[in-house]
Amino acid sequence: RLVSLLKKKTVRVNSYHRQGLFNDQVSPHLRSSARSDADGVMEAIYHPSLPIMGMQWHPERSGGDSAAGKKIVMAFKNRTLYWSGKR
C-alpha cells in the first residue's frame, strides 16, 4: 500500500535506529510494508484489518524523501493508508 500511495517502490528514509524486526519476531497476524534494502529489517508493519501500524522513521529530520513523508503523514492522519478510511 505504500507503493500505491507514493507511486514508487523505493523511498529514501532517514533511519537512525540500528534495530528492527525480522519475520520470526513478528506476529503472523502482522504484515511488513517496508524493508531496508541493506539488511532486510522491517521498517514498517501493519495489521490487514485492525488499525495497527508501526513505522521506524523520523519525519522531523532531514535526509529522507520529504514529499513521500508528507504523503505518509496525511494518509496516516486521514486513516486512508491501511484501513480505507474506516473509523
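The values are calculated or read from the model by the stated rules, or taken from the named source; none is laboratory data. Predicted model only: the values in this text are computed from it and were never measured. Reconstructed Cβ throughout: ideal geometry from the backbone, glycine too, with neighbour counts over all protein chains shown. We work out accessible area using only protein heavy atoms, side chains counted, and drop any ligands, DNA or RNA first. Shrake-Rupley method; radii C 1.70, N 1.55, O 1.52, S 1.80 Å.
Some notes on this structure:
- Label positions at Ser66 and Leu50, each projected 7 Å from the Cα along the C-beta direction, are separated by 3.7 nm.
- Of the trypsin sites (Lys or Arg not before Pro) in region 29-82, the ones in a loop by DSSP (not H, G, I, E or B) with at most 12 other beta carbons within 10 Å are Arg61.
- In loop segments of region 1-79 as defined by DSSP, the chymotrypsin sites (Phe, Trp or Tyr not before Pro) with at most 13 further C-beta atoms inside 10 Å of their C-beta are Tyr16, Phe22.
- Helices in the chain, meaning DSSP H runs of at least 4 residues, each add -39500 (n - 2.57). Divided by all residues, the mean residue ellipticity at 222 nm is -5500 deg cm²/dmol.
- Heavy-atom surface analysis with a 1.4 Å probe gives the chain a carbon and sulfur content of 53 percent of its accessible area.
- Computed over all pairs of different Cα atoms, the Kirkwood value for the hydrodynamic radius of the chain is 13.6 Å.
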